[in-house]
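Reviewing the structure listed below.
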Amino acid sequence: MPNMRTLGEFVVEKQQDFPHATGELSSLFASIRLAAKVVNREINKAGLADITGAVGSENVQGEAQQKLDLYANDKFKAALEARGQVCGIASEEEDEAVYFDRDSNANAKYVVLMDPLDGSSNIDVNVSVGTIFSIYRRISPVGTPPTEEDFLQPGTEQVAAGYVIYGSSTMLVYTTGNGVHGFTYDPSIGVFCLSHESMMIPKDGNIYSVNEGNYIKFPVGVKKYIKYCQENEPEDGRPYTSRYIGSLVADFHRNLLKGGLYLYPSTASYPNGKLRLLYECNPMAFLIEQAGGLASDGNTRIMELKPTELHQRVPFFVGSSNMVEKLEQFLKDFPEQ
Ligand code: AHM
Ligand code: MG
């Protein structure tokens with residue numbers, strides 16, 4: 001297999017593009033890669049072993065925690081702590097940021113924010129789920145414990161971001177700000193192999209992805225945009241196709257490959273939207289921009305929002321640039337809630 005490039009090789013190769021790179025980020029990626037393989041193995045057993053279903057507890061946001069949520073959280077946390085490149089993590093499944101207190105971690109310069117198993121309520125029915133991660137350089141001095149401000153940085157400061165999709169095949173997709181690259185997992189040899197180099201999302205798409213069951217609770221501009229998507233205008237490809245899996249990573253991944261728009265607006269139940277800025281929206285925003293698309297809260301670029309709290313939610317519109325711009329225009333023209 002002379003042309004096969006593994007994720008590990010590719011990350012090291014790309015690292016040489018950064019002056020003064022020390023290999024720490026490559027090592028950090030090795031932690032993520034390892035945890036992804038372990039979680040992948042466990043997810044593939046769902047249905048056989050007693051690993052699906054809720055544990056009976058809730059996370060800080062009041063959502064039922066699934067056994068695999070906690071399993072994935074533990075594996076990623078342990079892998080990120082073990083190599084000493086990360087001084088702390090924040091996770092959807094942890095109430096507060098976790099500061100690693102071993103000496104080797106205090107000298108680490110990165111923090112990682114993650115949703116260890118996004119869409120986990122779908123596992124019981126064999127639908128794709130994912131891990132989302134976002135990496136920042138700490139602001140606090142190396143050698144001291146990390147602080148809250150290390151975790152509350154705007155998305156523009158991300159050093160790297162990505163996701164793993166546990167689907168019909170498992171893929172890891174990431175960016176360090178030099179394009180978006182996708183690797184497909186070959187379980188027979190236990191290696192992620194480069195399969196999608198320099199991914200780009202089409203500027204125009206014909207897929208819109210939204211939980212339309214919430215339609216009645218959407219802002220007027222979003223309702224009008226959805227109606228626009230459904231109009232019969234064959235010249236510009238409308239009506240568009242509606243596709244919604246209910247698993248952000250899976251919906252995002254499909255739209256990235258085919259072109260489309262994912263929407264999670266504010267609703268009466270979720271006045272700030274449902275998705276979390278720091279470990280769901282910002283990493284996806286970094287990826288989509290690197291792939292030529294856009295991510296917005298309807299008004300402002302997602303990555304420019306200044307976070308105020310760890311589990312902050314935000315309305316989220318992400319995908320093909322022309323579709324995001326069109327949606328923003330509808331929200332400007334129809335500002336009513
Ligand atoms: P989770 O982090 O608790 O799994 O919730 C996030 C998920 C996303 O993957 C998905 O896009 C969205 O919630 C679906 O929400 P809804 O069921 O309201 O459409
Ligand atoms: Mg999530």
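In table form, for the structure just shown:
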| item | result |
| --- | --- |
| Sole exception among (1) away from ligand 1 (no atom under 16 Å from the Cβ); (2) small (Gly, Ala, Ser); (3) touching a helix residue (DSSP H, G or I) at 6+ places or on another chain (Cβ under 7 Å) for residue 72, by number | (1) |
| Every pair of residues 6+ apart whose Cβ atoms lie under 8 Å, when the first sits in the stretch 321-337 and is assigned to a helix (DSSP H, G or I) while the second is among the acidic types (Asp, Glu) | 322/204; 323/204 |
| Considering residues of the stretch 128-144 that are within 16 Å of ligand 2 (Cβ to nearest atom) and within 21 Å of residue 98 (Cα to Cα) only, the residue surrounded by the most Cβ atoms within 10 Å (Cβ to Cβ) | 134 |
| Number of positions in the stretch 129-160 that are over 22 Å from residue 30 (Cβ atoms) and not charged (D, E, K, R) | 14 |
| All positions within the stretch 236-287 that are in contact with a strand residue (DSSP E or B) (Cβ under 8 Å, 6 or more places away or on another chain), assigned to a strand (DSSP E or B) and over 25 Å from residue 175 (Cα atoms) | 241, 242, 273 |
| Neighbours by Cβ (under 9 Å, 6+ apart or cross-chain): first from the stretch 87-116, on the phi > 0 side of the Ramachandran plot; second within 16 Å of ligand 1 (Cβ to nearest atom) and not aliphatic (A, V, I, L, M) | none |
| Residue within the stretch 265-273 that is in contact (Cβ under 8 Å) with a residue 24 or more places away in the chain and farther than 19 Å from residue 214 by Cα present | no |
| The stretch 104-143, residues that are at pLDDT 90 or above and polar (S, T, N, Q) | 128, 131, 134, 140 |
| Test for residue 125: is it surrounded by fewer than 20 Cβ atoms within 10 Å (Cβ to Cβ), assigned by TED's automatic domain parsing to the domain that holds residue 36 and within 16 Å of ligand 1 (Cβ to nearest atom) | yes |
| Tally, over the stretch 256-272, of residues that are closer than 19 Å to residue 323 by Cα and in contact with a helix residue (DSSP H, G or I) (Cβ under 9 Å, 6 or more places away or on another chain) | 9 |
| Of all residues making up the stretch 247-262, the number that are closer than 20 Å to residue 218 by Cα and more than 14 Å from the chain's Cα centre (by Cα) | 2 |
| Number of the condition not met by residue 179 [criteria: (1) crowded, with 21+ Cβ neighbours inside 10 Å; (2) away from ligand 1 (no atom under 15 Å from the Cβ)] | (1) |
| Those residues of the stretch 166-194 which are of a type in the set (Gly, Ala, Ser) and either part of a loop (DSSP other than H, G, I, E, B) or more than 16 Å from the chain's Cα centre (by Cα) (or both), in sequence order | 167, 168, 169, 177, 179, 188, 190 |
| Selected residue [over 18 Å from the mean Cα position of the chain (by Cα), assigned by TED's automatic domain parsing to the domain that holds residue 323 and within 23 Å of residue 293 (Cα to Cα)] from 215, 228 | 228 |
| Given (1) modelled with pLDDT under 75; (2) touching a helix residue (DSSP H, G or I) at 6+ places or on another chain (Cβ under 8 Å), number of the condition residue 25 does not satisfy | (1) |
| Meets criteria (within 16 Å of ligand 2 (Cβ to nearest atom) and in the same structural domain as residue 185 (by TED's automatic domain parsing)) for residue 163 | yes |
| Selection status of residue 35, more than 16 Å from ligand 2 (Cβ to nearest atom) and in a loop (DSSP other than H, G, I, E, B) | no |
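The values are calculated or read from the model by the stated rules, or taken from the named source; none is laboratory data. Not measured: the values here are computed from a predicted model. For neighbour counting, all protein chains shown are included, and Cβ atoms are generated from backbone atoms with ideal geometry for every residue, glycine included.
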